[in-house]
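Enquirer: Would you mind keeping the following structure in view while I ask a few things?
The values are calculated or read from the model by the stated rules, or taken from the named source; none is laboratory data. Keep in mind it's a predicted model, so treat the numbers as computed, not measured. Please note: Cβ atoms are built from the backbone with ideal geometry, for glycine as well, and neighbour counts cover all protein chains shown. Areas reflect the complete protein model, heavy atoms only, side chains present, ligands, DNA and RNA absent. Shrake-Rupley method; radii C 1.70, N 1.55, O 1.52, S 1.80 Å.
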Amino acid sequence: MLPCYVLLDLETTGGNPVHDRITEIAAVRIENGQEVARWSTLVNPGCSISPFIQHLTGISNAMVRGAPGFETVAQHLLALLDGAVLVAHNVRFDHGFLLNELARLDVALRVKTLCTVRLSRLLYPQHKGHGLDAIMQRHGIRTLERHRAMGDVEVMQAWLQIARQEHGTALLGQQALALLQSSATLPPQLETRVADIPESVGVYIFYGEGPLPLYIGKSINLRSRVLAHFQAASRAPREMRMAQEIRRIEWLETAGEIGALLLAARLVKEKQPAYNRQPRLQLALAQQKLLVWPYPGKVGLREYNARSERTDIHIFDQWCHLATVQDEAELTDALGSRSTPAFDLDTYRLLLKHIAAPGKGKFELIDWTEKQQQTLNSL
């Protein structure tokens, strides 16, 4: 598959790489298609293993009481990984735990990673499930030690042998190399191609298996910001939980940063995604001294994106966002609307910043008491 790689699996006290600890390690090193080393050990996590995890893995507190701590086995593990690609099923999980365990020892882990979940998705796109249990059922693989580290490594090893027989050594190596050269931090279950996400300003939306969004964010570079979430998953428990749930990504481009801020704020309030922190509005309002609206009527902030040649005009009145328009008909409707907008503290703060310093950034302030007709003609 690859010139040198290590099949690795960890058992842990839970799913949080920052707070939970490793209880078992298993690794098999492959060089030029031949197994050259095999190693496994229980690890004393230095904390209690919950009854649920004990039942899941079969590893009890009594079993690890006399086992070495991670600091004792770290050098042997690093020697096994030296010069090899770390291969694991949902490699972000195992890699994240190793990063945090080694960081406690002030040791940096520098190793390339490859995920066999993603490899299975490439080789067997006709199947929906790509977890170890699904792979075992699909290919008739058996083990008496599921959820033990070496048992799971041996399942991966058996599956790779089957994949080699069914697809050939050349294709298996080609697909593994393609994954290795792409971002190894991507969640294995992600259905959206990150390469399709534009490097432009806008709003991105993470979805799980259901119709409700997990998270809504904004950025001046959508693709880079999305990748940053996945890269942070090995360090931040919240990012890891979200990455484990995400299935697809949608995005909405805007002309500029103001449009992205306004759109994201509106969508967060409408959809209330599980991983967005909801503002404590009443407390914030009590602490904020609101200024008087400094214009006799409606004003607009025009944003123009030279790359996409897109123009957005954001219309406001009394510190409230009325609409974002892109053509004359939409602008006429928005200016003529008599609906009562809802006050939003985020919008107020955004306007306070930009109206206080008009002309800065890729937008201009328009006061329609003087320039309405001129603006209509310029669209």
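Enquirer: Provide the FRET efficiency to the nearest 0.05 for the Ser40-Met136 pair, computing r from the beta carbons and using R0 = 22 Å. Before the final figure, lay out each step's value.
Expert: Working: r = 20 Å, r/R0 = 0.89.
Approximately 0.65, to the nearest 0.05.
Enquirer: Points 7 angstrom from Cα along the Cβ direction at Tyr304 and Leu99: gap in nanometres?
Expert: Inter-label distance under the simple model: 4.2 nm.
Enquirer: Among 241-251, 255-265, 99-109, how do they line up from the highest to the lowest mean number of other beta-carbon atoms within 10 Å? Please list the in-between numbers first.
Expert: Numbers: 241-251: 18.5, 255-265: 22.5, 99-109: 14.5.
Order by mean packing, descending: 255-265, 241-251, 99-109.
Enquirer: Now, a different point. So what does the Cα-only Debye profile of the stretch 124-216 read at q = 0.10, 0.14 Å⁻¹, as log10 I(q)/I(0), no solvent term?
Expert: After summing over all Cα pairs, the log10 values are -0.40, -0.73.
Enquirer: Continuing with this model, one more query. How large a share of the accessible area of the stretch 147-250, in percent, is made up of carbon and sulfur atoms when the probe is 1.4 Å and the other protein chains stay in place? If you can, show how the numbers build up before the last one.
Expert: On the way: 2220 of 4480 Å².
With neighbouring chains kept in place, the figure for the stretch 147-250 is 50 percent.
Enquirer: Within the stretch 291-328, what residues put their amide N at less than 12 Å from the label point 7 Å along the Cα-to-Cβ vector of Ser339?
Expert: So the set is 321-324.
Enquirer: Using the heavy atoms of the protein chains and a 1.4 angstrom probe, tell me the accessible area per residue for the chain in square angstrom.
Expert: Working: 19180 Å² over 379 residues.
Here the residues of the chain average 51 Å² of exposed surface.
Enquirer: Any idea how far apart Arg146 and Arg248 come out in nm if each label point goes 7 Å out from Cα toward Cβ?
Expert: Taking the two extended label points, one gets 2.9 nm.
Enquirer: With an 8 Å Cα cut-off and a minimum separation of 6 or more residues, compute the relative contact order for the chain in percent.
Expert: Working: 616 pairs, mean separation 45.0, N = 379.
12 percent.
Enquirer: Does anyone have the angle between helix 257-271 and the longest principal axis of the chain? Alpha-carbon axes, 0 to 90°, nearest 10?
Expert: Here the helix axis deviates by roughly 70 degrees.
Enquirer: When ranked by the protection proxy of mean other Cβ atoms within 10 Å per residue, highest first, what sequence do the peptides 38-45, 61-68, 169-176, 111-118 form? Don't skip to the end; give the middle numbers.
Expert: Values: 38-45: 19.1, 61-68: 14.0, 169-176: 16.0, 111-118: 20.6.
Taking the mean over residues of other Cβ atoms within 10 Å, the ranking is 111-118, 38-45, 169-176, 61-68.
Enquirer: Would you please report the Å³ per residue occupied by the convex hull of the alpha carbon atoms in the chain? Intermediate values should be presented prior to the final figure.
Expert: On the way: hull volume 70.4 nm³, N = 379.
That works out to 186 Å³ per residue.
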